[in-house]
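Below is one structure; the comments refer to it alone.
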Amino acid sequence: MWVRYLGFVILFGLPGALHAQPCGAPGLDGGYFVPLQETYSHEIEIIYACDSGRKPAVEGWWATSTCQNGVWSPEPQCIGEEDCLPPEIPNAKFNKKQNSWYNEGNTIRVTCDNGYELKNRDATAVCLNGTWTSVPVCEISNNTCGEPPQIPHAVIIGQKYQASFAADSKVRYKCEDGYSVEGAESKKSIFCISGSWSELPKCSRGTRQNTGHGSSVEVTTSAGSGTQTVGGGSGSSAGGTAGGHPTSTESGTQPGGGGRGSGDVVHGGPTITGSSTTSVSNDRNSKPAFIPVNECGVSPVIPNGVVVQTERMYLKYECNSYYTRVGPDTVVCTNDGRWSELPSCKEAFCVLDLAQYSGIGIRQTGKEYIKEGETKNVYCSYYDYVIFTCTQGRVTYTRCCEAYYHNYGGC
């Protein structure tokens, strides 16, 4: 009696095992499989191969498929030997077909992920006799930045870790509690510009003191005379220890300046001189490599190019259609008020004068423009056409023949 109840409890606790669906024999067109049965239990595996002139829709001349709750996974399929499986192209995406393979003559066009660019600007591959011709390669761009530098007392927010960042990427640092960057802010953004990160923030600990007459920032002097208060409202000196940053040449009360906002922190420390005025200057160890672009004046004019993005710290350029960029795509303002290296836009097209090709059956006249590295089909009869290609500014062309011979390299 107890054994029967125990068996009921065990079966009741395993509903998945009770309801898993069996599979029928797969309908494999152009192939065969073992073992051959009418039905197959859940998680049973079969092995299949294809007839002559066919191949599995996966790598290899034989393949496996498993019954998963009434469905074969992956579905056993035999395709033509001249068809192609999807290529493996790291750091890239392309137009993937729904049936998971490509017929002979199909073309894919590859787009690289952010931070990568096409090697030799080769973006396409053609399925020919079961293999891909000249599969594109996505290599890391020269304008890509590595991981953002680690800064003491700071983390990067709003961004999962990654080892590389595309040009124009932005990341944001946040200081830990009790630390701040300029203006008492706790956050600051940096940008990837031409392969390098812009000026890094520095998280410093600041002590705020309220004198009762507006906001102030407490700065420790190095002259041994005490601390000096700078900010909105008046302050007085008091005994203290040497801080090693600002210096004071006179003890006593100094008037506050026009005043920073409440909670502002002066980095590097001001230098205080004279008997009645206070001078505050940035005493960083080095100047920032880049400064806001508006400090360099009017944006540079690039013939056949245009500014497509204007940010506080950089300008981004693109060339007009039929032109290609030489040099960096981003321009920054350096700390001496000059523009960084400028790009140029050079011609990237061929002029095709159709009147010159009447001898190979072309009846059209006029001029066509072909972008560098691209092709243009021009019909020379009802079914046949000539393929013109622009390579390094020169036009090359095939014989006049039909599509079948073009696909098989017979032209």
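Under the condition of being among the aliphatic types (A, V, I, L, M) and part of a loop (DSSP other than H, G, I, E, B), which residue from the range 309-337 is farthest from ARG121 (Cα to Cα)?
MET313
I want to confirm something. Restricting to the range 75-107 and keeping residues that are under 21 Å from the mean Cα position of the chain (by Cα) and of a type in the set (A, V, I, L, M, F, W, C), which single residue is nearest to TYR404 (Cα to Cα)?
So, considering only residues that are under 21 Å from the mean Cα position of the chain (by Cα) and of a type in the set (A, V, I, L, M, F, W, C), the one nearest to TYR404 (Cα to Cα) is PHE94.
Report whether or not VAL378 is under 30 Å from GLU402 (Cβ atoms), β-branched (Val, Ile, Thr) and in a strand (DSSP E or B).
yes
In the range 167-197, how many residues are part of a loop (DSSP other than H, G, I, E, B), touching a strand residue (DSSP E or B) at 6+ places or on another chain (Cβ under 8 Å) and at pLDDT below 85?
Here the count works out to 6.
Which of the residues belonging to the range 356-384 are touching a residue at least 40 places away in the same chain (Cβ under 8 Å) and surrounded by 15 or more Cβ atoms within 10 Å (Cβ to Cβ)?
TYR357, LYS371, GLU372, GLY373
Of all residues in the range 112-134, how many are surrounded by fewer than 16 Cβ atoms within 10 Å (Cβ to Cβ), farther than 24 Å from SER196 by Cα and touching a strand residue (DSSP E or B) at 6+ places or on another chain (Cβ under 8 Å)?
Counting residues in the range 112-134 that are surrounded by fewer than 16 Cβ atoms within 10 Å (Cβ to Cβ), farther than 24 Å from SER196 by Cα and touching a strand residue (DSSP E or B) at 6+ places or on another chain (Cβ under 8 Å) gives 4.
Does ALA154 meet the test of being at pLDDT 85 or above, over 30 Å from ARG205 (Cβ atoms) and either β-branched (Val, Ile, Thr) or buried (at least 18 other Cβ atoms within 10 Å of the Cβ) (or both)?
no
Would you check which residues across the range 48-82 are assigned to a loop (DSSP other than H, G, I, E, B) and touching a Phe, Trp or Tyr at 6+ places or on another chain (Cβ under 6 Å) and list them?
Result: ALA57, PRO76.
Whether any residue in the range 313-330 is of a type in the set (Val, Ile, Thr), within 30 Å of SER189 (Cα to Cα) and crowded, with 16+ Cβ neighbours inside 10 Å is what I want to check.
Scanning the range 313-330, I find at least one residue that is of a type in the set (Val, Ile, Thr), within 30 Å of SER189 (Cα to Cα) and crowded, with 16+ Cβ neighbours inside 10 Å, so the answer is yes.
Please give the number of the condition GLU117 fails out of (1) touching a residue at least 60 places away in the same chain (Cβ under 8 Å); (2) assigned to a strand (DSSP E or B); (3) acidic (Asp, Glu).
Against the list (1) touching a residue at least 60 places away in the same chain (Cβ under 8 Å); (2) assigned to a strand (DSSP E or B); (3) acidic (Asp, Glu), GLU117 comes up short only on (1).
So which residues in the range 388-406 are crowded, with 17+ Cβ neighbours inside 10 Å and not hydroxyl-bearing (Ser, Thr, Tyr), if there are any at all?
PHE388, CYS390, VAL395, CYS400, CYS401, HIS406
Do you know which of the residues in the range 83-110 that are part of a loop (DSSP other than H, G, I, E, B) and small (Gly, Ala, Ser) is modelled with the lowest pLDDT?
SER100
The values are calculated or read from the model by the stated rules, or taken from the named source; none is laboratory data. From a predicted model like this one, the values you see are computed outputs, not experimental measurements. Here the Cβ is made from the backbone with ideal geometry for all residues, glycine too, and neighbour counts use every protein chain on show.
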